[in-house]
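Only one structure is covered here, and it is reproduced in the block below.
The values are calculated or read from the model by the stated rules, or taken from the named source; none is laboratory data. As the structure is a computational prediction, the values presented were derived from the model and not from experiment. As a convention, Cβ positions derive from the backbone with ideal geometry for all residues, glycine included, and neighbour counts pool all protein chains shown. For the accessible areas, the whole protein counts, side chains as well, though only heavy atoms, and no ligand, DNA or RNA atoms are used. Shrake-Rupley method; radii C 1.70, N 1.55, O 1.52, S 1.80 Å.
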Amino acid sequence: MLRSIAVVVGSYLLSIVLVLGTDPLLSRIFPGDFVKGRVPSDAALMASTACFVVVSIFCAWLCARIAPSCAARHVLWFFILGEVMGVAATIPNWSKDWPHWYWLSWLLTWPVSCWIGLLLAKRRDDRRSVAIAG
């Protein structure tokens with residue numbers, strides 16, 4: 001039970017660290033856009049969302065790969081944790097100057113990213129099972 005919680009929470013914390021780690025890269029690609037007190041351009045926000053999707057897929061895949069038992073259940077809890085935290089972050093930011101599509105895009109891409117990460121983990125398991133059986 002503790003290992004399962006550690007896998008889900010650890011995968012989620014890794015996703016936060018990796019998303020925050022993309023900030024320096026995005027700041028170099030979009031100089032002046034990611035400055036405190038200023039809303040970035042739409043192009044910068046779309047790039048940020050794309051980085052978020054890639055990180056989300058990777059972390060969902062990792063969660064499924066290191067899950068001690070049913071990978072789908074672990075990714076489901078990973079999804080639930082992320083969606084709850086996403087809603088908790090969206091509510092206070094909704095009235096700020098940032099475009100609403102940005103917050104909604106993160107909430108809507110999270111479940112798809114989790115599903116893709118789970119599928120990629122299962123595909124690798126399926127190939128390995130065929131190789132062992134064959």
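Residues checked against (1) open to solvent by 60 Å² or more (accessible area, probe 1.4 Å); (2) among the aliphatic types (A, V, I, L, M); (3) under 18 Å from SER4 (Cβ atoms); (4) in contact with a Leu (Cβ under 6 Å, 6 or more places away or on another chain):
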site: GLY37; (1), (2), (3), (4): yes, no, no, no
site: SER41; (1), (2), (3), (4): no, no, no, no
site: VAL54; (1), (2), (3), (4): yes, yes, no, no
site: LEU62; (1), (2), (3), (4): no, yes, yes, no
site: SER69; (1), (2), (3), (4): yes, no, yes, no
site: ARG73; (1), (2), (3), (4): yes, no, yes, no
site: TRP98; (1), (2), (3), (4): yes, no, no, no
site: TRP101; (1), (2), (3), (4): yes, no, no, no
query = Which condition number in (1) over 16 Å from GLY10 (Cα atoms); (2) open to solvent by less than 60 Å² (accessible area, probe 1.4 Å); (3) in a helix (DSSP H, G or I) is the one that ASP23 fails?
reply = (2)
message = Looking at the structure I just gave you, is LEU118 part of a helix (DSSP H, G or I), in contact with a helix residue (DSSP H, G or I) (Cβ under 7 Å, 6 or more places away or on another chain) and not polar (S, T, N, Q)?
response = yes
key: Pair list, Cβ < 8 Å and 6+ apart or interchain, from the range 79-90 residues that are on the phi > 0 side of the Ramachandran plot to residues that are part of a helix (DSSP H, G or I) and open to solvent by 40 Å² or more (accessible area, probe 1.4 Å)   = none
message = Any residue in the range 33-59 that is modelled with pLDDT under 95 sitting within a Cβ distance under 9 Å of a residue that is among the small types (Gly, Ala, Ser) and open to solvent by 50 Å² or more (accessible area, probe 1.4 Å)? List the pairs, counting only those 6 or more apart or interchain.
response = ASP33/ALA43
query = If TRP115 satisfies every condition in (1) closer than 26 Å to ARG3 by Cβ; (2) open to solvent by less than 70 Å² (accessible area, probe 1.4 Å); (3) of a type in the set (Phe, Trp, Tyr) but one, which is the exception?
reply = (2)
In the range 1-20, residue farthest from TYR102 (Cα to Cα) [restricted to those that are in contact (Cβ under 8 Å) with a residue 60 or more places away in the chain and open to solvent by less than 40 Å² (accessible area, probe 1.4 Å)] = SER4
TRP110 being in contact with a Cys (Cβ under 9 Å, 6 or more places away or on another chain) and either buried (at least 18 other Cβ atoms within 10 Å of the Cβ) or among the acidic types (Asp, Glu) (or both) = no
